[in-house]
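The values are calculated or read from the model by the stated rules, or taken from the named source; none is laboratory data. All values reported here derive from a predicted model rather than from experimental measurement. Cβ sites come from the backbone with ideal geometry, for glycine too, and all protein chains shown count toward neighbours. The area values use the complete protein model at the heavy-atom level, side chains included, leaving out ligands, DNA and RNA. Shrake-Rupley method; radii C 1.70, N 1.55, O 1.52, S 1.80 Å.
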Amino acid sequence: MDAVFIGVLLLQAVTSVLGFPNGAPTSVCDSMRPGHSGVQPQPGQPPYIIQTSNSTFRTGEPIRVIIKGPDYSGVLLEARSGSSTNALGSWGSPPANTKYLQCSTSQGAITHANTNLKSNLTEYTWIPPPTSTSIYFMATVAKSRAVYWLNIKSATLSRDGEVGAGSAADPEIAATLELLLLTLLVSTVF
């Protein structure tokens, strides 16, 4: 019995030292700081940038996201707005070697599923929610367990002019403008 207890303790110690080879835990959704014991994020400018397919977004229209830079083994990727740490929107089917992480919603973040390398060819697909006027993508990228960069931020994306209250694309406002123009045209002719 004592041998089993000691074995369990050793196994627990070894797994906590190895980090999280099967993805980030939900406990790091807000801070995005890996729980790699005794390891600090790399200082200075990261060798990674987050590239998006668009600079604007529309509800339900997917945005492609790529992390450009050297191959990496670990990732935590979320969409956020303002100073909030809540993940926004949802992610499409995770690419190979990645999986969903439940941050704010069941598909609110993407993390690594294993330590297989991901590259510039790894494409993530984000689905915008009906809320938020602007968003940015935030990532933690790990080249290895001991080498990672925290708070890699994309450019801010703004909501494209969608049909909605007060928008020039709103059908009621468009009809009112057409009626006003028609009235002005008729009044100048007669």
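Counting only strands (runs of 3 or more DSSP E) wholly contained in the stretch 11-129, the ones carrying 1 or more residues that are over 24 Å from A155 (Cβ atoms) and free of Cβ contacts under 8 Å to residues at least 24 places away in the same chain occupy 98-103, 105-112.
Which residues, taken from the stretch 48-93, are of a type outside the set (D, E), more than 12 Å from the chain's Cα centre (by Cα) and within 22 Å of K143 (Cα to Cα)? If the condition is that a residue be of a type outside the set (D, E), more than 12 Å from the chain's Cα centre (by Cα) and within 22 Å of K143 (Cα to Cα), then Y48, I49, K68, G69, P70, Y72, S73, G74 are the ones that fit.
Screening L117, L157 for residues that are touching a strand residue (DSSP E or B) at 6+ places or on another chain (Cβ under 8 Å), among the hydrophobic types (A, V, I, L, M, F, W, C), open to solvent by 80 Å² or more (accessible area, probe 1.4 Å) and modelled with pLDDT of 95 or more leaves exactly one candidate, L117.
Of the set (1) touching a strand residue (DSSP E or B) at 6+ places or on another chain (Cβ under 7 Å); (2) open to solvent by 70 Å² or more (accessible area, probe 1.4 Å); (3) at pLDDT 95 or above, all apply to A96 but (1). The single condition among (1) within 16 Å of S27 (Cα to Cα); (2) under 13 Å from the mean Cα position of the chain (by Cα) that L150 does not satisfy is (2).
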